[in-house]
1. Would you point out the residue of the range 230-277, among those that are among the aromatic types (F, W, Y) and assigned to a helix (DSSP H, G or I), that is modelled with the highest pLDDT?
2. Identify the single condition in (1) within 30 Å of I5 (Cα to Cα); (2) in contact with a Phe, Trp or Tyr (Cβ under 8 Å, 6 or more places away or on another chain) that D112 does not satisfy, given that it satisfies every other one.
3. Would you call L199 modelled with pLDDT of 80 or more, surrounded by fewer than 24 Cβ atoms within 10 Å (Cβ to Cβ) and under 22 Å from M331 (Cα atoms)?
4. So, in the range 192-212, exactly how many residues are in a helix (DSSP H, G or I) and in contact with a Phe, Trp or Tyr (Cβ under 9 Å, 6 or more places away or on another chain)?
5. Being over 28 Å from Y177 (Cα atoms), at pLDDT 65 or above and assigned to a helix (DSSP H, G or I), is that true of even one residue in the range 290-311?
6. With respect to the numbered conditions (1) surrounded by fewer than 19 Cβ atoms within 10 Å (Cβ to Cβ); (2) over 17 Å from I50 (Cβ atoms); (3) in contact with a Phe, Trp or Tyr (Cβ under 8 Å, 6 or more places away or on another chain), which one is the sole condition not fulfilled by L223?
7. Can you tell me which residue is surrounded by the most Cβ atoms within 10 Å (Cβ to Cβ) among those in the range 132-182 that are of a type in the set (F, W, Y) and assigned to a helix (DSSP H, G or I)?
8. Quick check on F114: is it out of contact with any Pro (no Cβ under 6 Å at 6 or more places or on another chain), assigned to a helix (DSSP H, G or I) and either closer than 26 Å to F82 by Cα or modelled with pLDDT of 90 or more (or both)?
Amino acid sequence: MITTIILLAIVFLSYIMIKILLKYAHKLELYDVPNERSHHCNITPSGAGIGFVGTLLLSLILFYSDFCLEYPFLLLSLVIVFGLGVYDDMHDVSAKKKFVVIFFAVFLMSFDGFVVESLGVWYGYNITLPYIVALPFTMFAIAGFTNALNLIDGIDGLAGSVSIVILLFFAFIGFEYGDTLISTLASFTIAVIVGFLFLNWNPAKIFMGDSGSLSLGYIISILSLLSLEYIHPISVAYLAALPLLDTLIVMVRRIRRDKSPFSPDKTHIHHIMVKFFDMNVKKTVAFLVILQIVFSAIGYMILDTINKNGGTNVPLFSLFGFALMFVLFYMIFTGIQKRQIALDKK
């Protein structure tokens, strides 16, 4: 059973682990050197994910030992993605290699029976996937979102704060449906992020690094998959809308400019808001967190609507609504970016 004392202990342990890491970060060569895409000007310690994800794994073993016994491959897959992030913090890993490792982690997780077998019921038709399709679909979906969260980790406090909003809704779903795995994994992850944010809020003393962002993206992907037992996939899309929309918009924009969709740049929503609207980092984070709260609330309302309809059909407008949001966000932020480029040339 999750208690307040356990969660507070996890918050404290996460904070202490990151403080220790902060002390030895430079000796371990865990630091971020500013470049043309950075919002910080000084060399800053990184790799805080080693501290808070390590705390999460330890907490699961200490306070939720059944997790290790019932879902060994799920735990192993999380350790692999965490290890990938740690290695990437110390040595740069290409996007392609990251995808390969995450694919392998998802393949291992499938041995515990976790694959996307259905895309939900749409007006009386249950769209099920044969295993030969379900496994690769799950691999691409989880790898895609894992990297999506990694991509929004661009300014102090953003990835951690947005993750907490998303995780809170998943935790609520876990408690509502009595799913211990969902509620515990979500609650423990929130606790370790809170410990981290004490040191990451602007101006940040340390960054989470890929050890943190990849692990968080993977955990949220796992929770999304687990939640499909109770909620419709379109609700999941809204619950985690901000990272998904940002990544889709950036990738489409890069492809239209004949660039690799994985090439780094400063065209993410948070970059544009800070530069064009002259918003400071704290205001940008606050605005985007509120935006994610709105998205997640819409996702939960869609879930409630489906339940009132007998849990079988999803309102078609919810799918069109998500597509419309993508189009609107793309037009607005692409227009803003073009205007900024024109102003810079003057």
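1. Taking the range 230-277 and keeping what is among the aromatic types (F, W, Y), we get 230, 238, 262, 276-277.
If we keep only those that are assigned to a helix (DSSP H, G or I) too, we end up with 238, 276.
Values: Y238: 87, F276: 64.
Per the stated criteria, the residue is Y238.
2. (1)
3. Values: modelled with pLDDT of 80 or more: yes; surrounded by fewer than 24 Cβ atoms within 10 Å (Cβ to Cβ): yes; under 22 Å from M331 (Cα atoms): no.
No, not satisfied.
4. Of the range 192-212, the ones in a helix (DSSP H, G or I) are 192-200, 209-212.
If we keep only those that are in contact with a Phe, Trp or Tyr (Cβ under 9 Å, 6 or more places away or on another chain) as well, we get 192-196, 198-200, 210-212.
Number of matching residues: 11.
5. Going through the range 290-311, the residues over 28 Å from Y177 (Cα atoms) turn out to be none.
No: the range 290-311 contains no residue that is over 28 Å from Y177 (Cα atoms), at pLDDT 65 or above and assigned to a helix (DSSP H, G or I).
6. (1)
7. Taking the range 132-182 as the starting set, the residues that turn out to be of a type in the set (F, W, Y) are 137, 140, 145, 169-170, 172, 175, 177.
Filter once more, so that each one left must be assigned to a helix (DSSP H, G or I): 137, 140, 145, 169-170, 172, 175.
Details: F137: 15, F140: 14, F145: 21, F169: 26, F170: 29, F172: 15, F175: 15.
Ranking the candidates gives F170 first.
8. Values: out of contact with any Pro (no Cβ under 6 Å at 6 or more places or on another chain): yes; assigned to a helix (DSSP H, G or I): no; either closer than 26 Å to F82 by Cα or modelled with pLDDT of 90 or more (or both): yes.
When the stated conditions are applied, F114 does not pass them.
The values are calculated or read from the model by the stated rules, or taken from the named source; none is laboratory data. All values derive from a computational prediction rather than experimental measurement. Because the Cβ atoms are built from the backbone with ideal geometry, glycine has one as well, and the counts that use them run over all protein chains shown.
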